[in-house]
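S.K.: Below you'll find the structure I mean.
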Amino acid sequence: MIKPYGTVPCLISVSDLHLSDTSPAIRAGEPSWYAAMQRPLEEVRGLAEKYRCPIVYPGDIFDDAEPNPETVNFALQYLPSGYAVPGQHDLKHHRYNDIKKTAYWTLVEAGILTNLVYGEPISTGQLRFHGFPW
């Protein structure tokens, strides 16, 4: 179980990662887009370890509901474990009922993400998470 930092419970919230195999136009100069995406993920992991805080991903882990296998493998390797709800980009045709057909669900099955289900709160230490997915 993750213990809170000091006497105050904490969490790290990271939304809209939009992991993708191609950089946005404004970041086209990056020599390696995967290396560029890896840097902030390592920073988040370091903060979570330093402050003993859980990570919460409130949607859009992937930029596309059907990311290429290289992007999924990247997420499996570098995305720090945490609690999550899928965003509209994580769901094909924005259909929550098809969640188990997504790369997001691959991360759940791999134990990287704990899916927060609406109406089924999860407690960790002094924190309680309620999922409100797209």
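S.K.: So Ser32 passes all but one of these: (1) within 16 Å of the chain's Cα centre (by Cα); (2) open to solvent by 20 Å² or more (accessible area, probe 1.4 Å). Which condition number does it fail?
M.R.: (1)
S.K.: Still on this model: Just give me the residues in segment 15-68 being over 30 Å from Ile122 (Cα atoms) and assigned to a helix (DSSP H, G or I), in sequence order.
M.R.: Ala25, Ile26, Arg27, Trp33, Tyr34, Ala35, Ala36
S.K.: Just checking, how many residues over segment 9-31 are closer than 22 Å to Ala103 by Cα, out of contact with any helix residue (DSSP H, G or I) (no Cβ under 8 Å at 6 or more places or on another chain) and of a type in the set (Gly, Ala, Ser)?
M.R.: The number of residues fulfilling the criteria is 2.
S.K.: Let me ask you something else. (1) closer than 22 Å to Leu11 by Cα; (2) over 12 Å from the mean Cα position of the chain (by Cα); (3) touching a residue at least 40 places away in the same chain (Cβ under 8 Å); (4) surrounded by fewer than 19 Cβ atoms within 10 Å (Cβ to Cβ): which one isn't true of Gly119, the others all being true?
M.R.: (3)
Listed here are the residues, each with its yes/no results for (1) within 17 Å of Ile12 (Cα to Cα); (2) open to solvent by less than 10 Å² (accessible area, probe 1.4 Å); (3) among the hydroxyl-bearing types (Ser, Thr, Tyr).
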site	(1), (2), (3)
Pro80	yes, yes, no
Val85	yes, no, no
His94	no, no, no
Asp98	no, no, no
Trp105	no, no, no
Glu109	no, no, no
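S.K.: Checking the condition open to solvent by 80 Å² or more (accessible area, probe 1.4 Å), touching a residue at least 24 places away in the same chain (Cβ under 8 Å) and basic (Lys, Arg), which residue from Arg39, Arg52 passes?
M.R.: Only one candidate passes the filter, namely Arg52.
The values are calculated or read from the model by the stated rules, or taken from the named source; none is laboratory data. Remember, predicted model here, so these are calculated numbers, not experimental data. For neighbour counting, all protein chains shown are included, and Cβ atoms are generated from backbone atoms with ideal geometry for every residue, glycine included. What goes into the accessible areas is simple: the full protein's heavy atoms, side chains included, and nothing from ligands, DNA or RNA. Shrake-Rupley method; radii C 1.70, N 1.55, O 1.52, S 1.80 Å.
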